[in-house]
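A.B. asks: I'd like to ask you about the structure that follows.
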Amino acid sequence: MILCIRSLCCLVVLGLAASSFGQAKPFRVLAFYSTHVEQDHVDFAMQAIPFFQSMAQRDHFEFRATSSWDEMNPAVLKDCQVVLWLNEFPSTPAQRKAFENYMEHGGAWFGFHIAGWTDGRKMWPWFSDFLGTAFSGNSWPPLPARLAVDDPTHPAVKGLPASYVSPDNEWYSWQPNPRLSPNIKVLMTLAPSNYPIGFKDTLGGGDIPVTWTNTRYKMIYTNVGHGAKIFNSPAQNLFFKNALLWLGGRN
Ligand code: ZN
């Protein structure tokens, strides 16, 4: 009987340990960035890196940033659970192939702003399918915009208000509308009240998604990520946290 109670206690202790381990399951994040790109995009990366480093300490995951895009190779990627593109994208065939294989075999990706730039399908057809669209136009100068949350039940936007003001950003439009792709689930959209937005370059209206996921992959793209004011919004910072933890398999 004593043995039985002991065994039971052991099982309970093991069970509790397993469940708390599960909640704080560690994962490794590798953020790629560049320093030779548009200064506003460098500024974003220079703020994103310490932001995610602090998050890594609080939320118990590993975070590393590299400006060497040649680290986008199978040997490095096999040890990463989430890859971030902070302000550029892979440019060589080897880097692109490594990323395709990584994503096709269970990898996770969080892409910001210029990471979603594609010159139509010519540049990288696989990526155009993965993103579900291509760059069409942009607003200028950077301005704040109200973002409407499309699906409040998605883990990446859980707890966010129905809409919030995202700090100064350059906003892109897309062709075709990613919402039309059967695999794309839109998470945030520029609210109609923003239009027209921009002075030198203007987005006049229409349905312009800002943040979405391709449900065939573990991925989130957000158009947010231009300049040094991005991390000034607590609501948006919550989105960054939710999204990264979801991509890391926390919920
Ligand atoms: Zn930009």
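The values are calculated or read from the model by the stated rules, or taken from the named source; none is laboratory data. This one's a predicted model, so the numbers in the text were calculated from it and none came from an experiment. Counting neighbours? That spans all protein chains shown, and the Cβs are built from the backbone with ideal geometry, glycine included. Quick note on the areas: whole protein, heavy atoms, side chains included, nothing else; ligands and nucleic acids left out. Shrake-Rupley method; radii C 1.70, N 1.55, O 1.52, S 1.80 Å.
A.B. asks: Within the set of other residues whose C-beta is less than 11 Å from the C-beta of F32, count the net charge using Lys and Arg as +1 and Asp and Glu as -1. Write down the numbers at each step before the final one.
C.D. replies: Details: positive: R64; negative: D70, E71, E88.
Spelling it out: positives minus negatives among the neighbours equals -2.
A.B. asks: Something else: State in Å² the accessible area per residue of the chain; use a 1.4 Å probe, count heavy atoms of protein chains only, and round to the nearest integer.
C.D. replies: 46 Å²
A.B. asks: Test of understanding: express the Cα radius of gyration of the stretch 145-238 as a ratio to 2.2 N^0.38 Å, with N the residue count. Before the final figure, lay out each step's value.
C.D. replies: Working: Rg = 12.9 Å, N = 94, 2.2 N^0.38 = 12.4 Å.
The value comes to 1.05.
A.B. asks: Can you compute 3J(HN,Hα) from phi for each residue in the stretch 45-50, using the Karplus curve 6.51 cos²θ - 1.76 cosθ + 1.60 with θ = phi - 60°, rounded to whole Hz and x for Gly and Pro?
C.D. replies: Result, ordered by residue: 4, 5, 8, 5, 4, x Hz.
A.B. asks: Now for a separate question. Could you tell me what percent of the accessible area of the chain is made up of carbon and sulfur, with a 1.4 Å probe and every protein chain present?
C.D. replies: Numbers: 6870 of 11580 Å².
In the chain, the share of accessible area belonging to carbon and sulfur is 59 percent.
A.B. asks: Now, a different point. Quick one: which residues, 5 or more positions from N169 or on another chain, have an amide H under 5 Å from its amide H? H modelled 1.01 Å from N in the peptide plane, none for Pro or chain starts.
C.D. replies: Residues meeting the amide H criterion: L143.
A.B. asks: Give me the net charge of A145's neighbourhood, meaning all other residues with Cβ under 13 Å from the Cβ of A145; Lys, Arg count +1, Asp, Glu -1.
C.D. replies: On the way: positive: R146, K229; negative: D168, E170.
Around A145, the charge tally is 0.
A.B. asks: Hey, what do the phi angles of the stretch 211-226 turn into as Karplus ³J(HN,Hα) couplings, whole Hz, using 6.51/-1.76/1.60 and θ = phi - 60°, x for Gly and Pro?
C.D. replies: Computed from phi, the couplings for the stretch 211-226 are 9, 7, 10, 8, 5, 7, 10, 9, 8, 9, 10, 10, 6, 5, x, 10 Hz.
A.B. asks: Moving to a separate point now. Projecting each Cα onto the charge dipole of the chain (Lys/Arg +1, Asp/Glu -1 at the beta carbon, about the Cα centre), which of I197, F112, P182 comes out farthest on the positive side?
C.D. replies: Comparing the listed Cα positions along the dipole, P182 ranks first.
A.B. asks: Would you mind checking K200/K241; K122/K218; K185/K241 for any pair whose Cα atoms are more than 27 angstrom apart?
C.D. replies: On the way: K200/K241 33 Å; K122/K218 24 Å; K185/K241 19 Å.
Pairs exceeding the cut-off: K200/K241.
A.B. asks: Going by a ≥ b ≥ c, the root eigenvalues of the Cα gyration tensor, does the stretch 26-247 fall in the rounded group (a/c under 1.5), the prolate group (a/b larger than b/c) or the oblate group?
C.D. replies: It is rounded, given that a/c, with a ≥ b ≥ c, falls under 1.5.
A.B. asks: What are the ³J(HN,Hα) values, in whole Hz, obtained from phi via the Karplus relation 6.51 cos²θ - 1.76 cosθ + 1.60 with θ = phi - 60°, for each residue of the stretch 172-186 in sequence order, with x given for Gly and Pro?
C.D. replies: 9, 10, 9, 9, x, 4, x, 4, 7, 6, x, 8, 8, 10, 7
A.B. asks: Which chymotrypsin sites (Phe, Trp or Tyr not before Pro) in the stretch 200-251 sit in a loop by DSSP (not H, G, I, E or B) and have at most 15 other Cβ atoms within 10 Å of their own Cβ? If you can, show how the numbers build up before the last one.
C.D. replies: On the way: sites: W212, Y217, Y221, F231, F239, F240, W246; in loops: Y217.
Taking the stretch 200-251 and a limit of 15 other Cβ atoms within 10 Å, the loop chymotrypsin sites (Phe, Trp or Tyr not before Pro) found are Y217.
A.B. asks: Just need log10 I(q)/I(0) for the stretch 192-251 at q = 0.12, 0.15 Å⁻¹, Debye formula, equal scatterers on the alpha-carbon atoms, no solvent, rounded to two decimals.
C.D. replies: Summing over Cα pairs of the stretch 192-251 leads to -0.42, -0.63.
A.B. asks: Compute the distance from the alpha-carbon center of the stretch 61-86 to that of the stretch 137-174, in whole Å.
C.D. replies: About 26 Å separates the Cα centre of the stretch 61-86 from the one of the stretch 137-174.
A.B. asks: Next question. Let me check I've understood the local charge: for A45, count other residues with C-beta under 13 angstrom from its C-beta, Lys and Arg +1, Asp and Glu -1. What total comes out? Provide the component values of the computation, followed by the final result.
C.D. replies: Working: positive: none; negative: E38, D40, D43, E88.
Taking every other residue near A45 into account, the sum is -4.
A.B. asks: Let me ask something else. Label-point separation (nm) for Q57 and D201, each offset 7 Å from Cα along Cα-to-Cβ?
C.D. replies: In this crude spin-label approximation the distance works out to 3.7 nm.
A.B. asks: Also: Please go through the stretch 70-136 and write out the chymotrypsin sites (Phe, Trp or Tyr not before Pro) that DSSP classes as loop and that have at most 11 other C-beta atoms within 10 Å. All intermediate terms of the calculation are to be shown ahead of the outcome.
C.D. replies: Values: sites: W85, F99, Y102, W109, F110, F112, W117, W126, F127, F130, F135; in loops: W117.
The qualifying sites: there are none.
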